[in-house]
Amino acid sequence: MTAPLVEPGAEVPPLERTIDLRAMIAYAGSTWDWHRLHYDPDYLASRGLPAPVVDGQVFGALLAEQLQDWLGPGAFVRRLHFRFKNLVFAGETVRCVGRVSAVEDGVVHVEQRVLVVGGDQAERVAVEPAGAEIVLRGEAT
Amino acid sequence: MSLLTDELRARIGTEVTYTAPEELGRAAIRYFARAVGDDNPLYTDDAYAREHGYPGVVAPPTLICETNQYADVPPDPDGYAGHDWHIDIPGSRKVRGGNTYTFHRHVRPDDVITATWRLAGATERSTSGGQDMLIVSSVATYTNQHGDLLCTNEETIIYVARKEER
């Protein structure tokens, strides 16, 4: 593996994932969150929602994974922020994208977004703005 | 009609604390990583984690902010079983705003998590479409059984007035 290019303007390799109902059920179980919004057809129909809604918190996990995969196991994500723009529904594919905005004293600052891609519909933004600070030398202990 | 009631205003600054009934555990870490599709061996392979300076496997950074394991509360009618302020604002719908996480170190399987949630503020605004909304902000502080600070989580929840109610 070659060392990643970490300088302002550098692209963070995108992370893409399809979140189907099976993945959503697994996520609900693993987080102890059994909200009906994520799987119950009657609950969704009564609220006019077309399909189970992906738990937005999972995008935090994907944004962190994108950074950790890029910078390797020694890097430590010390700050991560994200704001939700649009709902994502079961079966959709999301792509996390990002770019380095600054590098200061061994801390990498990145700006990220989560997009819904593929399918028949126009691309839309799931999460924006988002971003993180990553300490290259690892967690302070 | 104001969405910010006197009752809610009076609650700002209140705190609630939850302590997990058990250690986070290796299974919870592996389950979460598997569920989100993250195959990083830092979360499942002790030898690999030690090679990279950790005492053993660690949790994916955001697990602590996403799990309700520590809360140990029964599910509400919507099926939700985590921390909630139970703020009732008639004629509104509740949506997630966003989160800011600050991590101090990776959470480990033997950490017993305590989370303290503080109701930090509530601000009235209008959406770009002219609908009234109320932005409720909270801060969760996560520590372990030794008092180590693990993480903070600033969260915003938005209550948007329904158009037909105006």
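The values are calculated or read from the model by the stated rules, or taken from the named source; none is laboratory data. No experiment lies behind these values; they were computed from the predicted model shown. Cβ placement follows ideal geometry from the backbone for every residue including glycine, while neighbour counts extend to all protein chains displayed.
Below, the figures for the structure above:
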{"item": "Scan of the range A:47-61 for residues that are facing chain B (nearest Cβ under 7 Å) and touching a strand residue (DSSP E or B) at 6+ places or on another chain (Cβ under 9 Å), ordered by number", "result": "A:GLY56, A:GLN57, A:VAL58, A:GLY60"}
{"item": "Count of residues meeting criterion [part of a loop (DSSP other than H, G, I, E, B) and facing another protein chain (nearest Cβ under 9 Å)] in the range B:33-47", "result": "3"}
{"item": "Qualifying residue in the range B:116-128 (condition: at pLDDT below 95, among the polar types (S, T, N, Q), exposed (fewer than 15 other Cβ atoms within 10 Å of the Cβ) and assigned to a loop (DSSP other than H, G, I, E, B))", "result": "yes"}
{"item": "The range B:71-126: number of residues that are of a type in the set (A, V, I, L, M) and either within 8 Å of chain A (Cβ to nearest Cβ) or within 22 Å of A:PHE76 (Cα to Cα) (or both)", "result": "7"}
{"item": "B:SER92 being at pLDDT below 95 and surrounded by 15 or more Cβ atoms within 10 Å (Cβ to Cβ)", "result": "yes"}
{"item": "B:ARG50 part of a helix (DSSP H, G or I), surrounded by fewer than 16 Cβ atoms within 10 Å (Cβ to Cβ) and more than 7 Å from every other protein chain (Cβ to nearest Cβ)", "result": "yes"}
{"item": "Hits in the range A:1-28 - residues which are away from chain B (no Cβ under 14 Å), in contact (Cβ under 8 Å) with a residue 40 or more places away in the chain and not acidic (Asp, Glu)", "result": "A:PRO4, A:VAL6, A:PRO8, A:GLY9, A:ALA10, A:VAL12, A:PRO13, A:PRO14"}
{"item": "Residues that are of a type in the set (Gly, Ala, Ser), under 19 Å from A:ASP33 (Cα atoms) and either part of a helix (DSSP H, G or I) or in contact with a helix residue (DSSP H, G or I) (Cβ under 6 Å, 6 or more places away or on another chain) (or both), drawn from the range B:4-32", "result": "B:ALA27, B:ALA28"}
{"item": "Extreme residue, nearest to A:VAL88 (Cα to Cα), among residues of the range A:29-43 that are hydroxyl-bearing (Ser, Thr, Tyr) and more than 7 Å from chain B (Cβ to nearest Cβ)", "result": "A:TYR39"}
